[in-house]
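*Asks:* After the structure tokens below, expect a handful of questions from me.
Derivation of every value follows stated rules applied to the coordinates shown; laboratory data play no part. Source: prediction; values computed, not measured. Cβ placement follows ideal geometry from the backbone for every residue including glycine, while neighbour counts extend to all protein chains displayed.
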Amino acid sequence: MSDKSSSTFFRPTRRQALGMAIAGAAGLTIPSLTGTGRALAATPPSEPKGQVIVGFSQEPTVFNPHLIHIEVDEGIHFSVFDSLFGVDPKGNFFPALAKEVPTVENGGISADGLEWHVKLRDDVKWHDGQPFTAEDVKFTLELLVDPNFRSWRRAGHELVQDLTVVSPTEIKWKMKEPYAPYPSILAATFIVPKHVLGAAEDKNTAPFNNAPIGTGPFKWVERMAGDHIELAANTDYFADGPYLKSLIYKYIPDLTVLYTQFKTGDIDVIGLQWITADHYDEAKALSGTAVAVIPAATIESLSFNMERPQFKELAVRQALYHALDKKTIIDALYYGLPTPTETYMPQQSFYYNPDLPKQEYDLDKAKKLLDDAGWVPGGDGIRVKDGVRLSFKNSTTAGNHIREQAQQFIQQSYRDIGVEVVISNLPPAVMWGDYWMKSEFDSVVVGINFLTGSDPDTSDYLSSKSIPAKGGSGQNTWQYASPEVDKLLETGGVEFVPEQRKKAYLKIQETVRNDLPFLPMFQYATVRGHKSGVEGVVPNINVRIDSWDVATWYWA
């Protein structure tokens with residue numbers, strides 16, 4: 001594989017960018033994970049050896065990367081599959097299954113951005129020994145828009161037409177219209193095998209979905225539900241690595257137990273949801289470990305199901321925001337590590353809007369908003385309007401003790417303004433299954449990375465076409481529908497000059513901040529950690545999971 005640090009997508013001039021359908025988004029950058037104790041002389045082994053155990057607080061359960069899934073599942077996807085090209089921590093694209101990243105300069109993209117010609121590697125095999133070809137790429141792109149398939153993402157892919165296999169190592173297609181986010185979407189699109197999944201009558205329930213076959217650095221071995229997933233080195237891997245003989249993803253739902261197992265050495269890398277803030281002071285002093293605070297693109301929020309009658313009125317959502325004591329939650333529960341925010345866009349992004357109104361914690365204003373809107377306290381103190389009690393469930397993952405403390409704090413604050421919160425937490429596999437994806441919840445406390453790579457497009461989360469509960473393909477689970485946001489997403493999607501494109505995304509953030517389908521609390525400051533001897537663990541704000549580069553991890 002080409003050197004990831006030197007590979008770039010392309011850097012158009014302003015004039016070129018006007019005519020291109022594919023512009024490199026302004027990347028999000030983060031510092032390195034310091035304290036690794038990396039020896040300058042450390043080199044990867046000549047053949048795979050050793051085992052790394054990664055601890056996740058949520059259990060990966062969706063192994064077909066194109067079915068509806070959440071971040072933790074991508075830990076497996078990055079290990080088992082490859083995309084045409086990937087994105088590095090600096091926001092640069094690097095080739096993977098593609099021989100080179102397509103650009104206007106190398107002829108991979110037409111000047112107007114509508115015609116693509118992708119050249120593929122000729123030395124890639126699937127885990128079962130069959131050759132990877134352009135037919136697999138065609139199959140994957142068609143699968144994503146198959147109306148009978150429960151696709152996790154159709155945005156962007158639905159613009160692809162005239163898919164043509166030129167040869168086993170070449171594929172062409174045309175775009176119905178230019179779409180600036182598509183490079184980042186492709187970098188997050190893992191290719192699946194036509195010869196395996198294509199034969200399944202129902203691809204939603206195919207055996208492949210429980211025992212995936214990919215081209216990636218690790219092969220599927222077994223899953224012990226509720227405990228762990230084991231992967232083994234793919235010794236025929238076409239790129240650098242793998243350098244580990246075995247990789248274990250261990251499921252530890254209680255975050256205190258997750259940290260304890262990291263402290264005692266039972267796990268080698270502490271992954272999603274990392275080390276909680278209350279353990280940071282102790283963790284950074286542990287011997288034989290590398291621990292650092294790393295910003296992530298994920299935003300923590302109190303999110304609403306906008307189809308619930310309690311949340312239909314803007315005044316209610318505004319009142320709930322005034323009654324949300326973000327500062328105390330951040331300072332007391334998260335030890336001041338996260339950064340408060342008013343938007344879903346990470347603050348490292350070129351497209352971040354710094355001029356949004358700052359939330360004001362004010363219980364009196366909250367009460368007045370509810371009074372003026374006609375929500376009258378009932379006999380039990382809980383407000384009522386038109387027969388609807390201002391009472392709702394709030395859910396998150398059981399075992400996340402800091403979130404549970406935040407819920408209790410929010411519950412008391414809301415009680416003071418006449419709002420009842422009933423805490424109803426669930427195991428992660430249940431919480432982030434149909435309960436979340438099909439909008440069966442009232443409200444949730446959730447952390448979401450809204451971006452695909454560093455691209456600012458958020459159609460998957462904010463477009464009215466992306467509501468799964470209404471037949472859409474996407475993750476707009478709060479069922480937010482705004483004609484203005486829909487129009488701005490379309491505008492941003494076809495604009496390629498970053499300075500011009502930025503205008504649409506600044507306005508989208510302003511509109512969402514005014515509408516409050518979710519109450520933004522803070523951008524994550526994650527406490528990452530691994531044993532000092534594990535090399536190659538590099539944070540990447542442009543992906544949603546830690547194991548994006550697991551192929552090049554090794555023991556020094």
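*Asks:* Sort Arg403, Arg513 by Cβ crowding within 10 Å, fewest neighbours at the top. Show your work: numbers first, answer last.
*Replies:* Numbers: Arg403 23, Arg513 17.
Least to most surrounded, the residues fall as Arg513, Arg403.
*Asks:* Let me ask something else about it. Quick one: Glu71, Glu499, fewest Cβ neighbours within 10 Å first, how do they rank?
*Replies:* Numbers: Glu71 20, Glu499 11.
The most exposed by this proxy come first: Glu499, Glu71.
*Asks:* Using r as the Cβ-Cβ distance of Glu490 and Lys365, and R0 as 60 Å, what FRET efficiency do you calculate, to the nearest 0.05? Provide the component values of the computation, followed by the final result.
*Replies:* Values: r = 35 Å, r/R0 = 0.59.
Efficiency for this residue pair is about 0.95.
*Asks:* Right, here's the next one. If you count the DSSP beta bridges with both ends in the chain, what percent of them are antiparallel, to the nearest 5? Could you put the intermediate results ahead of the total?
*Replies:* Working: 59 of 74 bridges.
Antiparallel: roughly 80 percent of the beta bridges in the chain.
*Asks:* Another one. Cα-Cα over 22 Å: which of Lys203/Lys487; Lys326/Lys502; Lys263/Lys327; Lys284/Lys531; Lys312/Lys438? Write down the numbers at each step before the final one.
*Replies:* Working: Lys203/Lys487 33 Å; Lys326/Lys502 28 Å; Lys263/Lys327 29 Å; Lys284/Lys531 12 Å; Lys312/Lys438 18 Å.
Table pairs above 22 Å Cα-Cα are Lys203/Lys487; Lys326/Lys502; Lys263/Lys327.
*Asks:* Between Asp386 and Lys90, what is the FRET efficiency for a Förster distance of 30 Å, r being their Cβ-Cβ separation, to the nearest 0.05? Don't skip to the answer; put the middle values down first.
*Replies:* Details: r = 53 Å, r/R0 = 1.78.
Efficiency, rounded to the nearest 0.05: 0.05.
*Asks:* At Glu201 and Glu105, where each label point lies 7 Å from the Cα along Cα→Cβ, what is the point-to-point distance in nanometres?
*Replies:* That separation, rounded to one decimal, is 5.2 nm.
*Asks:* Got a sec to turn the phi values of the range 220-231 into Karplus ³J(HN,Hα) couplings, 6.51 cos²θ - 1.76 cosθ + 1.60 with θ = phi - 60°, whole Hz, x for Gly and Pro?
*Replies:* 5, 10, 6, 10, 10, 3, x, 9, 7, 10, 10, 10
*Asks:* If you split all Cα-Cα distances of the chain into 10 Å bins from zero, what percentages do you get per bin, shortest first?
*Replies:* Reading upward from the zero bin: 4, 18, 29, 27, 17, 6, 1, 0.
*Asks:* Another one. I'd like the antiparallel share, as a percent to the nearest 5, of DSSP beta bridges with both residues in the range 296-525.
*Replies:* Working: 18 of 25 bridges.
Within the range 296-525, antiparallel bridges account for around 70 percent of the total.
*Asks:* Considering the zone a paramagnetic label at Lys503 would reach in this model (a point 7 Å from Cα along the Cα-to-Cβ line), which residues of the range 339-376 have amide N under 17 Å from it?
*Replies:* Residues 351-353 qualify, since their backbone N sits under 17 Å from the label point.
*Asks:* Quick one: length gained pulling Lys393 to Thr256 fully straight, 0.36 nm per residue minus the C-alpha distance?
*Replies:* On the way: separation 137, 0.36 × 137 = 49.32 nm, distance 2.49 nm.
Result for the pair: 46.8 nm of gain on full extension.
*Asks:* Another question about this same structure. Which aspartates and glutamates, if any, have their Cα less than 14 Å from the Cα of Lys507, not counting same-chain residues under 8 positions apart?
*Replies:* Cross-link targets: Glu342, Asp355, Asp457, Glu484, Asp486, Glu490, Glu499, Asp515.
*Asks:* Test of understanding: ordering Leu320, Leu302, Leu114, Leu506 by Cβ neighbours within 10 Å, fewest first, what list do you get? If you can, show how the numbers build up before the last one.
*Replies:* Working: Leu320 27, Leu302 24, Leu114 17, Leu506 21.
Ascending number of Cβ neighbours within 10 Å: Leu114, Leu506, Leu302, Leu320.
*Asks:* Moving on. Going through the range 327-411, which GluC sites (Glu not before Pro) have at most 11 other Cβ atoms within 10 Å and a DSSP loop state? Provide the component values of the computation, followed by the final result.
*Replies:* Working: sites: Glu342, Glu360, Glu404; in loops: Glu342, Glu360.
Answer in residue order: Glu360.
*Asks:* Rounded to the nearest 500 deg cm²/dmol, what is the calculated helix-only ellipticity per residue at 222 nm for the chain, with -39500 (n - 2.57) per DSSP H run of length n ≥ 4?
*Replies:* Numbers: 15 runs with 121 residues, N = 556.
After summing the helix terms and dividing by the residues of the chain, the value is -6000 deg cm²/dmol.
*Asks:* Further, regarding this structure: What is the calculated FRET efficiency for Lys172 to Thr339, with r their C-beta to C-beta distance and R₀ = 35 Å, to the nearest 0.05?
*Replies:* Values: r = 44 Å, r/R0 = 1.26.
The calculated FRET efficiency here is 0.20.
*Asks:* Let me ask something else about it. Lys172: which aspartates and glutamates have alpha carbons under 18 Å from its alpha carbon, excluding same-chain residues fewer than 8 sequence positions away?
*Replies:* Glu100, Glu105, Asp112, Glu115, Asp122, Glu135, Asp136, Glu142, Glu158, Asp162
*Asks:* If you don't mind, another one. What distance in nm separates the two pseudo spin-label positions at His117 and Lys438, each 7 Å out from Cα along the beta-carbon direction?
*Replies:* Using points 7 Å along Cα→Cβ, the separation is 4.7 nm.
*Asks:* Something else now. If each residue of separation counts as 0.36 nm, what is the full-extension length gain between Gln411 and Lys245 once their alpha-carbon separation is subtracted? Intermediate results must be reported in sequence, preceding the final value.
*Replies:* Details: separation 166, 0.36 × 166 = 59.76 nm, distance 4.77 nm.
Gain on extension, Gln411 to Lys245, equals 55.0 nm.
*Asks:* What is the spread of the Cα atoms of the range 415-556 along each of their three principal axes, largest first, in whole Å?
*Replies:* Principal-axis extents of the range 415-556 (Cα, largest first): 54, 46, 33 Å.
*Asks:* Could I ask something else about it? Place a point 7 Å from Cα of Ala42 in the direction of its Cβ. Which residues in the range 235-269 have their backbone N less than 19 Å from it?
*Replies:* Within reach of a label on Ala42, which here means backbone N under 19 Å from a point 7 Å along Cα→Cβ, the range 235-269 contributes 240-248, 262-269.
*Asks:* Under a point spin-label approximation (7 Å from Cα along Cα-to-Cβ), what is the Asp281-Gln347 distance to one decimal in nm?
*Replies:* Between Asp281 and Gln347, the label points sit 2.3 nm apart.
*Asks:* Quick one: what are the phi-derived ³J(HN,Hα) couplings along the range 460-473, Karplus 6.51/-1.76/1.60 with θ = phi - 60°, whole Hz, x for glycine and proline?
*Replies:* Result, rounded to whole Hz: 4, 10, 10, 6, 5, 7, 10, 9, x, 5, 10, x, x, 10.
*Asks:* Positive end of the charge dipole of the range 296-525 (Lys, Arg +1 and Asp, Glu -1 on Cβ, about the Cα centre): tell me which of Trp478, Val419, Leu489 has its Cα farthest that way.
*Replies:* The listed residue farthest towards the positive side: Val419.
*Asks:* Going by amide H atoms built from the backbone, whose H comes under 5 Å of the H on Lys99, apart from near neighbours?
*Replies:* Lys119, Leu120, Arg121
*Asks:* Please give the helix 483-493 orientation as an angle from the longest Cα principal axis of the chain, in degrees from 0 to 90, rounded to the nearest 10.
*Replies:* Relative to the chain, helix 483-493 is tipped by roughly 30 degrees.
*Asks:* Measuring from centroid to centroid over Cα atoms, what is the spacing of the range 523-554 and the range 265-284 in Å?
*Replies:* Their Cα centres are 13 Å away from one another.
*Asks:* Give the angle, between 0 and 90 degrees and rounded to the nearest 10, that separates the Cα long axis of helix 134-143 from the longest principal axis of the Cα atoms of the chain.
*Replies:* 20
*Asks:* For the Cα atoms of the chain, what angle does the longest principal axis make with the long axis of helix 498-515, in degrees from 0 to 90, nearest 10?
*Replies:* Approximately 30 degrees, to the nearest ten.
*Asks:* For the range 161-177, in order, what is each residue's ³J(HN,Hα) by Karplus, 6.51 cos²θ - 1.76 cosθ + 1.60 with θ = phi - 60°, in whole Hz (x at glycine and Pro)?
*Replies:* Rounded to whole hertz, the list is 9, 6, 5, 10, 7, 7, 7, x, 10, 9, 9, 10, 7, 10, 9, 4, 7.
*Asks:* Rg(Cα) of the range 296-525 divided by 2.2 N^0.38 Å? Let's see the in-between values first.
*Replies:* On the way: Rg = 17.3 Å, N = 230, 2.2 N^0.38 = 17.4 Å.
Rounded to two decimals, the normalised Rg is 0.99.
*Asks:* Where the only charges are on Cβ atoms (+1 Lys, Arg; -1 Asp, Glu), what is the dipole of the chain about its Cα centre, to the nearest 20 debye?
*Replies:* Numbers: 53 positive and 69 negative charges, 120 e Å.
Dipole magnitude for the chain comes out near 580 debye.
*Asks:* Cα centroid distance between the range 451-504 and the range 84-140, in Å?
*Replies:* What the calculation gives is 25 Å, centre to centre.
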